1. Got a sec? Which of B:80, B:116, B:65 is surrounded by fewer than 17 Cβ atoms within 10 Å (Cβ to Cβ), under 20 Å from residue B:153 (Cα atoms) and within 12 Å of chain A (Cβ to nearest Cβ)?
2. Being in contact (Cβ under 8 Å) with a residue 60 or more places away in the chain, buried (at least 22 other Cβ atoms within 10 Å of the Cβ) and over 19 Å from residue B:316 (Cα atoms): is that true of residue B:239 here?
3. From (1) at pLDDT 95 or above; (2) surrounded by fewer than 18 Cβ atoms within 10 Å (Cβ to Cβ); (3) within 14 Å of chain B (Cβ to nearest Cβ), pick out the condition that doesn't hold for residue A:14.
4. Out of region B:158-193, which residues are surrounded by fewer than 16 Cβ atoms within 10 Å (Cβ to Cβ) and in a strand (DSSP E or B)?
5. Hey, could you check region A:25-35 for residues that are in contact with a helix residue (DSSP H, G or I) (Cβ under 7 Å, 6 or more places away or on another chain) and more than 11 Å from chain B (Cβ to nearest Cβ) and say which is farthest from residue B:81 (Cα to Cα)?
6. Can you find even one residue in region B:87-105 that is within 8 Å of chain A (Cβ to nearest Cβ), more than 24 Å from residue B:303 (Cβ to Cβ), crowded, with 19+ Cβ neighbours inside 10 Å and touching a helix residue (DSSP H, G or I) at 6+ places or on another chain (Cβ under 6 Å)?
7. Does region B:49-56 contain any residue that is over 19 Å from residue B:135 (Cα atoms) and part of a loop (DSSP other than H, G, I, E, B)?
8. Condition test on residue A:38, is it facing chain B (nearest Cβ under 9 Å) and either modelled with pLDDT under 95 or in contact with a helix residue (DSSP H, G or I) (Cβ under 7 Å, 6 or more places away or on another chain) (or both)?
């Protein structure tokens, strides 16, 4: 099952820790399953248009991915910590 | 015992103690800007924000164990507005309000678990003309009473509702506009920074505006300037201690240079409803302090206890209604919110 790994900063918004196994064959489907269990994460990852928030990077198996991209059964979905700022 | 919640650019902190004995807890929510706190009948709320991850609200019964709420205030999906920051909570004993940027109002009747937009304001007919101030397009202050509801939006102006929030009117006559020079007096473009009112007569309101200090006795139908004794027009803070009626503000040099005049960090007070202002009490630093005080970083208990935080990360407190002031605790990150819990 794909695994979503969250940056530590999102730990306060996730009730069940930083790693979540979720079903789904696309990034969008996997995130929907994540949000079903962790609804507070949704506004932190998606914007009002339903797209990935600007400047939030999500990598699937090491490749920056969009919501429609495929996710494999053993994929690692990694949400990156923001790297810019003071 | 005093408990002060401090919201900074890098987490939240709690200062708890009295006299010279203070304990510090935190950071709460490390990595997040903490923009607002509230105590809703023993349930504590903290609002967090991030340039990347948006906003969130957390609730706690003990200030130690925090739980995120599932659905913080949000614009409708597909909206071109962003939920940038929750600037202020306001609990009127019945309903909880949140003032947010992009500018809007939301209410909660279950202590912050679920939120509803105040469409009468959020979809106001003038909204296409709303423009942000330096701090963004933000609703940041709410006053509620049986005599009306007032909301401050930068850089739009003060709105009043006389029907419980269904409809809203702009109330800025007598205050200058920061909108384009040379135009006829515009309907919006008034950069209100802070509001405070008299609970016994809620239509008496004081207003720290971008362009000076003002007051109204008629709920905002007309405003008059009251800067007598203040060293500068500019500032963000207006606070009225409900018990004594004493007003407090912290003047800053100018819009261009938002630091205390000459580096003299001082609260100013007025005991005559703003007719005259003077330095409030003693205890102020002798050396220059080039640090500002922002609009949500000032709070009191209406019984003579008043605290504020600076952009330089210092917290100041008086427990004798501004006669003497003390700096508390460590130096924090830039402070944007101070709340007595």
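1. B:80
2. no
3. (2)
4. Matches in region B:158-193: B:169 only.
5. A:34
6. Scanning region B:87-105, I find no residue that is within 8 Å of chain A (Cβ to nearest Cβ), more than 24 Å from residue B:303 (Cβ to Cβ), crowded, with 19+ Cβ neighbours inside 10 Å and touching a helix residue (DSSP H, G or I) at 6+ places or on another chain (Cβ under 6 Å), so the answer is no.
7. no
8. Against the criterion (facing chain B (nearest Cβ under 9 Å) and either modelled with pLDDT under 95 or in contact with a helix residue (DSSP H, G or I) (Cβ under 7 Å, 6 or more places away or on another chain) (or both)), residue A:38 does not qualify.
The values are calculated or read from the model by the stated rules, or taken from the named source; none is laboratory data. Everything numeric here is computed off the predicted structure, so don't read it as measured data. Backbone-built Cβ (ideal geometry, glycine too); neighbour counts: all protein chains shown.
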